[in-house]
C-alpha cells in the first residue's frame, strides 16, 4: 500500500543490522531527530516502540537486517521498520509472567495507530504518534 506524505514531511532513513547492544544508540538517533524537528513530546513513546519493533526483528526474523524510516509532518510522526520476514505481528493478550510476548500489545496501547503490511521483500511494521490539539477550541 502506498503512503502519501504531506508536502511538509521530513524524513530520516537508516539501514540497520539489529543487535541488542545497538538499540540504545538507535533510540538516541530517533530522539535527536524528533527534538530537531521540534517534537520533544514524542520522544519517550517513540523510543519505547522503536526498541520493541527492532527487538522483534532481532528475535523473530531470519535476518537482523532492516530499514528504519522516520517521517515527521504537522500531524505527527510515522515510524516504519521494514524487514525481510513475511510473518506479520499479532497482538495477543499478554502473559505478564512470561519473559516475552507483550511487545505488540504495549505498542497498541502506546501509539495512536499501528499496522503491518506485506511488501515484495518482507513486511513493513509501522506506528503513528499524532500531535495533540492542545489549545484547540
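Remarks
- Across segment 11-130, Cα pairs under 8 Å and at least six residues apart give a relative contact order of 25 percent.
- Computed over segment 11-130, the quotient of the alpha carbon radius of gyration and 2.2 N^0.38 Å is 1.00.
- Each label was represented as a point 7 Å from its Cα along the Cα-to-Cβ direction; for residue 86 and residue 109 these points are 3.3 nm apart.
- The percentage of C-alpha pairs in segment 21-73 whose separation is greater than 17 Å is 35%.
- Contour minus Cα-Cα distance for residue 67 and residue 93 (0.36 nm per residue): 6.6 nm
- For a modelled paramagnetic label at residue 132, 7 Å from Cα along Cα-to-Cβ, the residues of segment 35-52 in reach, with backbone nitrogen under 12 Å, are 41-42.
Taken together, the values in this text are just the output of simple stated rules run on the coordinates, not laboratory data. A quick note: this is a predicted structure, and the numbers were derived from the prediction, not measured. Glycine gets a Cβ as well: all are built from the backbone with ideal geometry, and neighbour counts include every protein chain shown.
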